[in-house]
Every structure is written in C-alpha cells, then in structure tokens.
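Engineer: Okay, here's the structure, questions in a sec.
The values are calculated or read from the model by the stated rules, or taken from the named source; none is laboratory data. Predicted, not measured: the structure shown is a model, and the values here were computed from it. Every residue, glycine among them, receives a Cβ derived from its backbone with ideal geometry; neighbour counts consider all protein chains shown. What goes into the accessible areas is simple: the full protein's heavy atoms, side chains included, and nothing from ligands, DNA or RNA. Shrake-Rupley method; radii C 1.70, N 1.55, O 1.52, S 1.80 Å.
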Amino acid sequence: MKAFIVKLFATGLYTGLSPAVPGTVGTLPAWVLVWFLFGYSTTVAVIATVILFLVSVWLSTEAESVYGHDSKKIVIDEWAGMAIAVLFVKHTLTAYLIAFVAFRLFDVVKLPPAAQSEKLPAGWGVTMDDVVAGVQANILTQIILFALDRF
C-alpha cells in the first residue's frame, strides 16, 4: 500500500509519467488544486503550502528508491513549487497563468540558488530547487501584476 501511495502522489497522480515535458504536465494538476484551494483564504493557502512542501520532501525521498535520483517522473516537488508561486498572489486567472509560466521558466532555467539547492540530500534536493523556483516565480508574478495595475 505504501508503494502505491508513493508512486501515485510522487508522480503527481501519474502525470509525471508523461513521455513529453513531465515537469510541465505534472504541474498542471497542482495548478488546478491551488486554484480551487487557495481561493478560500490566505490561512488555507499557507497551511496547504507547508503541507505540500513537507509531503514533497518525504515522497521525493521515498520515490527516489523507485525512480532514481531526482527522476523527471517525480513531480510532487513541482506541486510544492507551484503552491509557492501563487502564494499571496491575487486569485485571478491572469495572475495564476502568469505564475504558472514563470514557475515553469524558473524551474527549467534554475537560476541561483536553485541549481545549488539540488545538491541537498534526498528529497530535500529534489524539492528545494522547486521551492526556489516558486519564490522566484512569485516575485516575478507580483512585479508583472503590479506593472499591469499601473498601466
């Protein structure tokens, strides 16, 4: 049962098994989840983000024994990063789409300190580069939304 749960959630409900762009495909269910979950309250958003982060570290650690070190099939880390990318962002479709694109961009490019954080052991390294990408995406999203509101 544990192996089934690890595979199911570490692969983002099996979206990480996509043969093409598994990180992006694996982020889509997270985007939908946060869209519906984060619209209720900031408190719910913060609690859900913390839970996703902790679950990501644990599941990523467990899934590495199945799929290998930082396998592209493991996408629960994208879920944590996506949650961070939209945390405290206004709940609009435009804002969430900007955050999604920004997150995927930063996750692929891996600007410092994202690349360095991948060197952390086990699930910490798998998750932390996405946390950094999520923070970077959040900042860029906030800047873009601020600029859009001004013009």
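Engineer: Which whole-number value in Å² is the accessible area per residue of the chain, probe 1.4 Å? Working shown, then result.
Structural biologist: Values: 7680 Å² over 151 residues.
Accessible area per residue, the chain: 51 Å².
Engineer: Mind checking the dipole of the chain: about its Cα centre, +1 per Lys or Arg Cβ, -1 per Asp or Glu Cβ, Debye to the nearest 20? Walk me through the intermediate numbers first.
Structural biologist: Working: 9 positive and 10 negative charges, 37 e Å.
Computed charge dipole of the chain: roughly 180 debye.
Engineer: Once the Cα gyration tensor of the chain is found, what semi-axes does its equivalent ellipsoid get, as square roots of 5 times the eigenvalues, in whole Å, sorted largest first? Don't jump to the answer; show the numbers that get you there.
Structural biologist: Working: eigenvalues 127, 52, 35 Å².
Calculated on Cα positions only, the semi-axes equal 25, 16, 13 Å.
Engineer: In whole Hz, with x marking every Gly and Pro, tabulate ³J(HN,Hα) for segment 48-55 from phi via Karplus 6.51 cos²θ - 1.76 cosθ + 1.60, θ = phi - 60°.
Structural biologist: Calculated HN-Hα couplings, in order: 4, 5, 4, 4, 4, 4, 5, 5 Hz.
Engineer: Which peptide among 67-77, 102-112 comes first, and what is the full order, when sorted by highest mean count of other Cβ atoms within 10 Å? Write down the numbers at each step before the final one.
Structural biologist: Values: 67-77: 21.8, 102-112: 17.6.
My ranking of the peptides, most packed first, is 67-77, 102-112.
Engineer: For the chain, with all protein chains present and a 1.4 Å probe, just round the carbon and sulfur fraction of the accessible area to a whole percent. Mind showing how you got there, number by number?
Structural biologist: Working: 5770 of 7680 Å².
Within the chain, the accessible surface is 75 percent carbon and sulfur.
Engineer: Suppose R0 equals 22 Å; then what is the FRET efficiency for residue 69 and residue 20 from their Cβ-Cβ distance, rounded to the nearest 0.05?
Structural biologist: Working: r = 22 Å, r/R0 = 0.99.
It comes to 0.50.
Engineer: Using alpha carbon centroids, what distance separates segment 126-141 and segment 65-102, in Å?
Structural biologist: 8 Å
Engineer: Now for a separate question. I need the phi-derived Karplus couplings for segment 72-80: 6.51 cos²θ - 1.76 cosθ + 1.60, θ = phi - 60°, integer Hz, Gly and Pro marked x.
Structural biologist: Result, ordered by residue: 5, 6, 7, 10, 4, 5, 5, 5, 5 Hz.
Engineer: Specify which residue in the list 58, 17, 40 is farthest towards the positive end of the charge dipole of segment 16-102, using unit charges on the beta carbon of Lys, Arg (+1) and Asp, Glu (-1), about the Cα centre.
Structural biologist: About the Cα centre, the residue reaching furthest to the positive side is 40.
Engineer: If you plug each phi of segment 105-122 into the Karplus form 6.51 cos²θ - 1.76 cosθ + 1.60 with θ = phi - 60°, what whole-Hz ³J(HN,Hα) values come out, in order, with x for Gly and Pro?
Structural biologist: Result, rounded to whole Hz: 4, 5, 5, 6, 6, 6, 5, x, x, 4, 4, 5, 5, 5, 7, 5, x, 6.
Engineer: Say R0 is 25 Å: what FRET efficiency, to the nearest 0.05, do residue 108 and residue 32 get from their beta-carbon distance?
Structural biologist: Details: r = 21 Å, r/R0 = 0.83.
Efficiency, rounded to the nearest 0.05: 0.75.
Engineer: Using 0.36 nm times the number of residues separating residue 151 and residue 116, minus their current alpha carbon distance, what extension gain do you get?
Structural biologist: Numbers: separation 35, 0.36 × 35 = 12.60 nm, distance 3.68 nm.
In short, 8.9 nm is gained.
Engineer: At 1.4 Å probe size, with no ligands or nucleic acids counted, give the accessible surface of residue 62 in Å², nearest ten.
Structural biologist: Solvent-accessible area, nearest 10 Å²: 50 Å².
Engineer: Sticking with this structure for a sec: Translational diffusion coefficient, Stokes-Einstein: compute it for segment 15-64 using the Kirkwood radius over C-alpha pairs as Rh, at 37 °C and 0.692 mPa s, and state it as an integer in µm² s⁻¹. Don't skip to the answer; put the middle values down first.
Structural biologist: Working: Rh = 12.1 Å.
In µm²/s, the coefficient is 272.
Engineer: Quick one: which of 2/119; 7/90; 7/110 span more than 31 angstrom between C-alpha atoms? Can you show the working numbers first?
Structural biologist: Values: 2/119 27 Å; 7/90 33 Å; 7/110 25 Å.
Long pairs (Cα-Cα over 31 Å): 7/90.
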